[in-house]
Amino acid sequence: MLAGGLSHDLRNLLQPLLLAGDSLQDYQDDPRLARLGALVRDCGRRGLEMVQSMLSFARGARRAEQVKVQALVDALSLLLQGSVPRAVTLDIEVSDPQLTFEGNHTELQQCLLNLCLNAIQAMPQGGVLRVATSKAKLEQGFFLDHEDVQPGDYVRLTVTDTGVGMTEDVRKRLFEPFFTTKEGGTGLGLLSCRRIVYSHGGVMRLDSIVNEGSCFDLYIPLARPLAEPSNVAESDANLHGNAEHVLLVVEEAGQLTLLSDTLDAWGYEVHGSQSGTAALQWIEACGLPDLVVMDADMSLFTSERTLAALSQYGYRSGVVVLCRADDPPDSAKLRMPDGNRMRRLNKPVSTRSLLHAVRDALRDALRNTR
C-alpha cells in the first residue's frame, strides 16, 4: 500500500525532470546545457524505473530486460559524476562492450552505485576506485552449499577499492540487517545489493585486506542476447505539428506549463487549462480543438465528467489521456461515452512519447473524417 501510494506521487515529481531534460537536449550548440539535459533526463528515467522496481519487489515480481554491460557502466559513470573526490581515481574497464544478459538495469545500477559509494567512503585519504566487467565460466565447485545456482557462463561485475579494508569480524557481520560501520549508515545497503544479485540468480564474493582495500565480485548468469531491434525511429521532422489546435487539460501548474511549452516548441497551437470546467469554457468561446490531451487524474472536475461533457459539445476527434501505468484499461476515466478512440499514455511521459501519441491521434482523427 505504501509503495503504491508513493509511486503515484513520485511519478508526478519525475514528470518535469523527463520533459526538462528533453528540452535541454535541444540546445546542442551549448555543450554544457546538452550534458546537463542528458543528466537530468537520465536521472528522471532511472528514478521512474526505481519506482517500478520498488513496486515489482513489493509484489514479488522482477521485470526482466536485456541489459547491455556497456550501457550499465555508462549510466553508472554518469551517476558518479560529482561524487568521486579529486583524490580518488576512477578506473573503468569493460572487456566486452556488446556483452548482454537478462536482468533489471535499474536494480543492478543501484547495486553498483551503492558499492561504489561505499568504496569512496572507505578511501578518506584518496585511492583508486576500479569498476570492471568480464565474462567468467563458473564450475560447480565455485558455489557454496547453500547457493542454489547452476554452473555455466556468467558476467562478472567487479568493484575494487584501495581503502581501509575490513577485519574478519566486520566481514562476518557485513550482511546483518542494520549492522554498519559508518556514522549515519542504515546497515541495509549491502543487504539490498545481495538481494538484487540473488534475485538475478547470481552470487556475490568479497575479498578484503585491512589497510589494502576491498573487492566485491557480482556474478550474474548470462542469457542468450536478443536480436537488436531494427531502427524504425522517425526523424524529428515527422514529429513537428502544423499549427493544429491542441487543448491541454492538466491540474498541476508546473506540468501544464512544461507540456504546453513542449507542444508549442514542436509546432502546435496549444491552449492550457487547469480544470475540465476551464477547458469547456474555452471551447464555448473558441470552438472545438483538433485534439484534446488530458490528465486522467483530476479532482476539481474529473476526467470522466470532462469526457462526457466533450461528447455533449459534439467533440468527435481523438483524446490522448495521461494515466498511471496501473490504471486498468477498462477504467471509466479511459473511455469516451460515445466510443470515440482514445490513446493511453502512461505517466511520466517523455517528449518523444508525447509527440508520437499526438501525431498518431491526429492522423487517426483525419482518417475518420474522410
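A few points about this structure:
- Region 248-281 - residue that is farther than 17 Å from residue 298 by Cα and of a type in the set (A, V, I, L, M) and, of those, surrounded by the fewest Cβ atoms within 10 Å (Cβ to Cβ): 265
- With respect to the stated conditions, residue 162 is modelled with pLDDT of 85 or more and either basic (Lys, Arg) or surrounded by 18 or more Cβ atoms within 10 Å (Cβ to Cβ) (or both).
- Residue in region 287-297 that is surrounded by 14 or more Cβ atoms within 10 Å (Cβ to Cβ) and either farther than 24 Å from residue 241 by Cα or at pLDDT below 85 (or both) present: yes
- Conditions (1) at pLDDT 85 or above; (2) in contact with a Ser or Thr (Cβ under 7 Å, 6 or more places away or on another chain); number of the one not met by residue 300: (1)
- All strands (runs of 3 or more DSSP E) inside region 77-147 with 3 or more residues being among the hydrophobic types (A, V, I, L, M, F, W, C) and open to solvent by 30 Å² or more (accessible area, probe 1.4 Å): 88-94
- Among the residues of region 298-310, those identified as open to solvent by 20 Å² or more (accessible area, probe 1.4 Å) and farther than 24 Å from residue 18 by Cβ are 300, 301, 302, 304, 305, 308.
- Every residue from region 79-116 that is modelled with pLDDT of 90 or more and within 16 Å of the chain's Cα centre (by Cα): 108, 109, 111, 113
- Among strands (runs of 3 or more DSSP E) entirely within region 243-296, having at least 1 residues that are closer than 15 Å to residue 351 by Cα, free of Cβ contacts under 8 Å to residues at least 40 places away in the same chain and in contact with a Gly (Cβ under 9 Å, 6 or more places away or on another chain) singles out no element at all.
- Residue within region 22-39 that is at pLDDT 75 or above, farther than 30 Å from residue 250 by Cα and within 18 Å of the chain's Cα centre (by Cα) present: no
- Residues of region 190-215 that are in a strand (DSSP E or B) and of a type outside the set (Lys, Arg): 203, 204, 206, 207, 208, 209, 213, 214, 215.
- Odd one out for residue 332, checked against (1) more than 26 Å from residue 348 (Cβ to Cβ); (2) modelled with pLDDT under 85: (1)
- Being at pLDDT 85 or above, farther than 26 Å from residue 15 by Cα and either surrounded by fewer than 19 Cβ atoms within 10 Å (Cβ to Cβ) or of a type in the set (D, E, K, R) (or both) is true of residue 206.
- Among residues that are open to solvent by 30 Å² or more (accessible area, probe 1.4 Å), under 30 Å from residue 324 (Cβ atoms), at pLDDT below 90 and of a type in the set (Gly, Ala, Ser), residue 199 is included.
The values are calculated or read from the model by the stated rules, or taken from the named source; none is laboratory data. Remember, predicted model here, so these are calculated numbers, not experimental data. FYI the Cβ positions are ideal-geometry reconstructions off the backbone, even for glycines, and counts take in every protein chain you see. Quick note on the areas: whole protein, heavy atoms, side chains included, nothing else; ligands and nucleic acids left out. Shrake-Rupley method; radii C 1.70, N 1.55, O 1.52, S 1.80 Å.
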